[in-house]
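The values are calculated or read from the model by the stated rules, or taken from the named source; none is laboratory data. Being a predicted model, the structure only gives us computed values, none of them experimental. Note: ideal-geometry Cβ built from the backbone for every residue, glycine included; neighbour counts use all protein chains shown.
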Amino acid sequence: MKKITKRSECPISRALDILGDKWTLLIIRDIVFRGFRFYNEFLEGGEGIATNVLSDRLKMLESQGFLVSKKYELQKTKKVYTLTEKGIGIIPIILEMMVFGFNFDNSLQISNQDSKTMRTVIHRIVTDKDAFLKEIIASVRSFDAKNYC
């Protein structure tokens, strides 16, 4: 597992020590918005994460208390990954990143069905973030994720 080194006492630096690489946030995104719960779902999710990186990030997120794994009831050789309350606390950060990424990259605003859905999501985040956040958190807790990105 990748060793986490504390660079400074700055809260931003500390957050980046844990969440500062793209794979960590993409794993959390996939749990929140795509409903991923199993190792192979993350591996085959389309981002091209290497098996060793995925394994490392899942272990790190678990050791830091952002997610838990347990044996899958229907197949004991599989693990199910779920966010803890600490992990759910990252969702507001991801929502802000969605808004930033959408506004920053004009190619995401091309007129097609996917971008129409994304525009609707961005509008909901900007106009009523609290209600949207509650909806997302409820869907994560009930394992009923909706694909918003």
If you check residue 79 against the conditions, is it closer than 19 Å to residue 23 by Cβ and of a type in the set (Lys, Arg)? yes
Being more than 17 Å from residue 94 (Cα to Cα), surrounded by 14 or more Cβ atoms within 10 Å (Cβ to Cβ), out of contact with any strand residue (DSSP E or B) (no Cβ under 8 Å at 6 or more places or on another chain) and charged (D, E, K, R) narrows 56, 30 down to just 56
Taking into account only those residues within segment 55-86 that are more than 25 Å from residue 5 (Cβ to Cβ) and outside any strand (DSSP E or B), which is modelled with the highest pLDDT? 85
Specify the residue that is surrounded by the most Cβ atoms within 10 Å (Cβ to Cβ); the eligible residues are those in segment 101-149 that are more than 20 Å from the chain's Cα centre (by Cα) and modelled with pLDDT under 85. 109
For segment 13-33, give me the residue count where each residue is touching a helix residue (DSSP H, G or I) at 6+ places or on another chain (Cβ under 9 Å), in a helix (DSSP H, G or I) and at pLDDT below 90. 4
Residue 24 being more than 23 Å from residue 98 (Cβ to Cβ) and either among the hydrophobic types (A, V, I, L, M, F, W, C) or without any contact (Cβ under 8 Å) to a residue 60 or more places away in the chain (or both): no
On the given criteria, is residue 49 surrounded by 15 or more Cβ atoms within 10 Å (Cβ to Cβ), touching a helix residue (DSSP H, G or I) at 6+ places or on another chain (Cβ under 8 Å) and not in a helix (DSSP H, G or I)? yes
